[in-house]
Structures are given as C-alpha cells and as structure tokens.
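Participant: Below: one structure in structure tokens.
The values are calculated or read from the model by the stated rules, or taken from the named source; none is laboratory data. No experiment lies behind these values; they were computed from the predicted model shown. Virtual Cβ from ideal backbone geometry, glycine too; neighbours counted across all protein chains shown. When the accessible area is computed, the model is the full protein with side chains, heavy atoms only, and any ligands, DNA or RNA have been set aside. Shrake-Rupley method; radii C 1.70, N 1.55, O 1.52, S 1.80 Å.
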Amino acid sequence: MKKRERAKRIDNVIFFPGMEKRLTDKGLESLHNKKFNEAITLLEEAKVLDPENDDILVGLVLAYFEAGSFKKAKKLANEMLLKGIGDYLQLVDLYLTILIQLHEYQEIVETIEALLEEKEIPPEKIDHFLTILQFSKRMAENHLQDDSEDDPEESDHNKLNLFENNNLNQQMLLISGLAEKNIRPYVPEIADYLKADNGHPFLKTILLTLLKEQEIDKEIVVKKFSLEENVIPANLPEVRGQPRMEEVKVLLESGLESNNPVLFENTIGMVERVFFISYPFKLEPDNPAAWAGAIQLLAEEYLGLDPKIGEIAREYAVHPKEIGQAIVKIEEIEKISYPNI
C-alpha cells in the first residue's frame, strides 16, 4: 500500500500534501494569463514548499521578468545557474535577456566569453551567442562613451518625447518598441500624453493596453472626445473583450451572420475599430442595440445599399434618435486616421 503523504510544517505553519502542486499550477496559469503579480505571489509560496523545483523557479523568473522586476529575475536566474537547476542553455538565454533589459552589457560579454572558453555552447548555438556577444560589446562601448559625455541628470534614456514628434507613424513605431521593455520608467510621460487634449486617440489606446499588460495599478487620467476619466490600467477590461462591444457583436451576429455574411463581416470590422478608438470610454447612447443598428446602417451605406433608419430601428427595438446619436459618434471616430506601418 502506498504510504500516505505527510503534511509539511514550515515555521510552524502546516501545508497539506499537494499544496505546492496546486500553487504551481495556479501560478503558471496566472503567468499564462498575463496576471504577473498574481503569478509571483503564488509561485513564491510554492517556492517556499519546494525550493528547487525547476518548473516553479523558471515560472517565477519569467513572472518577475514580465512584471518588470528585472533585478529579482536576475538574482533568481543566477542562483539557478549556480545550482544547476533547470535546462542550462535555456536558462542562460533567459539570463542574458534579463541582462539586456538591465543594460548590463559588460556582464553579458563576460558571461558569453566564459561560456565560449569553457566550451559550454553546442556548435549549433555558437552563431546565436556570437551575435549577442558582438551586439553587447558595441552597446558596452556606447554606454562608456555616453557616461563620459553626458550629464546623468540630463539623460533622455527614459523619455519618449511623444509631444515633440507630430508624425503618427513615427510615434507608433516609438510606442511599439515599448512592448518588449519595462514600461514603468516611462509611466509619468505616458500619463501626461493620456491626459493631453492633443494626444491621438489611437495611440492612447495602444499606451493603455501596454500599461494594462504590465499591470500598472496607478490611477491615470485619460481624455478622449472631450471626455475625461480616471482609470487604473490594471483594472481595465481587455481592449478586444470590452463587455459592450461583445454585446453589440452578439446582436449583429444573430441578425446578419447567416442572412448576409458579407454585411456581417463589414459590421464586425467597424465594431472593432469604433470600440478600439473609444477605449476605455463608454460613449453615449448606452444601449448596445443602438450601436448595432447604427453600425449596420453605416455598413449598408458603405456597400452602396439604401438602408432605412426606421426599419433598422424596429429590427433592433430601439428609437431612431438613439441610432442617430450613435451614427454621429461613429462617423467622428471613422474619420480618425490609423498609423500605416
């Protein structure tokens, strides 16, 4: 008969059998769902119970990294390398990625040179590591030059200068580069852009999604379409899963998907554009049926048809005035240009 697993006792706290697995599974699920702070809490608890479990530790390194806690990620990855926990080469790759985020290029150079000297790199990976080595040597040299030439207090390292560039495409390229970075050093400048009257609504949505992805829980003012709202990015709904947008899609799907697939596809594209640009605001009218009716009417017009607002209003059981109100907003949003990159 299999012996019953005994409960663990740590610092006079009793943990029941299987607790570390449940914490690990939940932590890795939170990591997968981009709930990085939640993943850190769960995986740190699991690490207490099973301190050398490579699944827990790798998950925790990734959670630290994604949450922008690069120093914690570096410390834990370094400990794993020294103890030989996990897949060595994969961990080295992750460790180097963390060092890149920390701009510790000289340490990258020293690490890779040591690996080459000890012949720890398999032949098929040598080109990969040599590329990182050459890049890091250049960056290390540039940093030395920057340190000698620039006053640290006047460094623009953590500045986007969004207000100094009026080209939408260039601004978009600049912002898209933040997706792979720790966004926290840029939050004050991003907050200024989000509350500025002249900030572009499309770019504001992109910036909000980046803040949400990195779980920024600071209250920020957002202005769009003469509206203003205080939001906490971490608490916002996903831009592609806004509740009212989903309601509008369901209404259009039930009325059009089987009867007129071409019109349905056009309406869905418009729904996504409108709600993307207006995010995170809930524009008036509040009734999802009014938005569904307005979007169907405009989509029919774009296709060269001659829709009647009264007929569409009856179809969606909504007053024509509400559809007209939604049409005004949609036409305003549809005039907004998108970056072409």
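Participant: Measure off, as a whole percent, the carbon and sulfur share of the 1.4 Å-probe accessible area of the chain, all protein chains present.
Facilitator: 49 percent
Participant: Sticking with this one: Normalised by the number of residues in segment 206-341, what is the relative contact order in percent for Cα pairs under 8 Å and 6+ residues apart?
Facilitator: 19 percent
Participant: Tabulate in residue order the Karplus-calculated ³J(HN,Hα) for segment 251-257, using 6.51 cos²θ - 1.76 cosθ + 1.60 with θ = phi - 60°, rounded to whole Hz; enter x for Gly and Pro.
Facilitator: Result, rounded to whole Hz: 4, 5, 4, 5, x, 10, 4.
Participant: Quick one: dipole size for the chain, taken about the Cα centre, charges +1 on Lys/Arg Cβ and -1 on Asp/Glu Cβ, in debye to the nearest 20.
Facilitator: 1400 debye
Participant: What residues have an amide H closer than 5 Å to that of LYS224, excluding those fewer than 5 places away on the same chain, when H is modeled at 1.01 Å from N in the peptide plane?
Facilitator: Sorted by chain and number, the residues that satisfy this come to none at all.
Participant: Something else now. Just to check I understand the Karplus step: with θ = phi - 60° and J = 6.51 cos²θ - 1.76 cosθ + 1.60, what whole-Hz values come out for segment 230-242, glycine and proline as x?
Facilitator: Karplus values, whole Hz, x for Gly and Pro: 8, 10, 10, x, 4, 9, 6, x, 4, 4, 8, x, 5.
Participant: Whole-Hz Karplus ³J(HN,Hα) for segment 36-49, in order, using 6.51 cos²θ - 1.76 cosθ + 1.60 and θ = phi - 60°, x for Gly and Pro?
Facilitator: Coupling constants for segment 36-49: 5, 5, 5, 4, 4, 4, 5, 6, 5, 5, 5, 5, 4, 7 Hz.
Participant: In addition: Given the options ASN260, ILE175, LEU94, identify the residue whose Cα lies farthest towards the positive end of the charge dipole of the chain (+1 on Cβ of Lys, Arg; -1 on Cβ of Asp, Glu).
Facilitator: ASN260
Participant: Would you work out the relative contact order for the chain, in percent, from Cα pairs under 8 angstrom that are 6 or more residues apart?
Facilitator: In percent, rounded to a whole number, it is 10.
Participant: Find the centroid of the Cα atoms in segment 306-338 and in segment 23-69, then give the distance between the two in whole Å.
Facilitator: 47 Å
Participant: Let me ask something else about it. Could you state the per residue volume, in Å³, of the convex hull enclosing the Cα atoms of the chain?
Facilitator: Measuring per residue, one finds 243 Å³ for the Cα hull of the chain.
Participant: Using the heavy atoms of the protein chains and a 1.4 angstrom probe, tell me the accessible area per residue for segment 170-284 in square angstrom.
Facilitator: That works out to 46 Å² per residue.
Participant: Do the alpha carbons of any pairs in LYS21/LYS282; LYS223/LYS321; LYS72/LYS137; LYS223/LYS308; LYS218/LYS282; LYS26/LYS218 sit beyond 32 Å of each other, and which pairs?
Facilitator: Check vs 32 Å cut-off fails for LYS21/LYS282; LYS223/LYS308.
Participant: Below 8 Å between Cα atoms, with a sequence gap of 6+, how large is the relative contact order for segment 191-257 in percent?
Facilitator: Once normalised by length, the contact order is 27 percent.
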